[in-house]
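The values are calculated or read from the model by the stated rules, or taken from the named source; none is laboratory data. It should be emphasised that the depicted structure is a prediction, and the values quoted were computed from it without experimental measurement. Backbone-built Cβ (ideal geometry, glycine too); neighbour counts: all protein chains shown. Just so you know, the surface numbers come from the protein's heavy atoms only, side chains and all, with ligands and any DNA or RNA stripped out. Shrake-Rupley method; radii C 1.70, N 1.55, O 1.52, S 1.80 Å.
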Amino acid sequence: MNKTALQIIRFVVLVLLQVLVINHIRLGGYVHPYIYMIFIMLLPFSTPKWQLLVLGFALGLTVDLFTGTLGLHAGATTLMAFCRPSIIKLVSGNQKFENITEPNLGQLGGIWFFRYALCMVFIHHLALFFLESFSFRLLGQVMLRILLSVPVSIFLIMMILFIFKTEKRRE
């Protein structure tokens, strides 16, 4: 399948899964899982920075249109897309990706991808919940929401990626 078509399908499926299923799961007032950011996480390593920002903004804006959150998700996913190259360098260290075109669970392994996803999800949730509260008076509530939502989001993301893992780990 064409890589562009695969990315479009991934975008649509993740947004629909987020707004039609995940957003309707009630886990108390402080737990808000988000999985749609898998799209940004799985973009190829060679994606230009400007394209990461545009795709991050488009992804967040699409979720905002469905949820009526007026740019909160657009801001959070754009920040996440902006930080992605630095996070990849931070998580990878001196590791080279010669035969790997995109970050995925199958080729890079669970530990690498878990650290990568944890950083990405934390940045997303930090931005989203602080933008939503837009106040330092609610710092305790925001931090509680982040600390409760990040593990649930990571669990769902890792489960989704594990279910759809197709490629074997490199030697």
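Only one residue in V31, V12, V19, V54 is free of Cβ contacts under 8 Å to residues at least 24 places away in the same chain, more than 18 Å from M120 (Cβ to Cβ) and not basic (K, R), so which one is that?
Exactly one residue qualifies, and that residue is V12.
Might you let me know whether region 19-29 holds any residue that is assigned to a loop (DSSP other than H, G, I, E, B) and of a type in the set (S, T, N, Q)? Outline the logic, then answer.
Restricting attention to region 19-29, the residues satisfying the condition of being assigned to a loop (DSSP other than H, G, I, E, B) are 21, 25-29.
Within this subset, residues satisfying the condition of being of a type in the set (S, T, N, Q) are none.
Within region 19-29, none of the residues are assigned to a loop (DSSP other than H, G, I, E, B) and of a type in the set (S, T, N, Q).
Can you name the condition, by its number, that S86 falls short on among (1) over 17 Å from the mean Cα position of the chain (by Cα); (2) without any contact (Cβ under 8 Å) to a residue 12 or more places away in the chain; (3) within 27 Å of V54 (Cα to Cα)?
(1)
Report those helices (runs of 4 or more DSSP H) wholly inside region 30-144 carrying at least 2 residues which are open to solvent by 20 Å² or more (accessible area, probe 1.4 Å) and modelled with pLDDT of 90 or more. Can you show your working first?
On the way: elements: 38-41, 49-67, 72-92, 105-108, 110-133.
Helices (runs of 4 or more DSSP H) meeting the threshold: 49-67, 72-92, 110-133.
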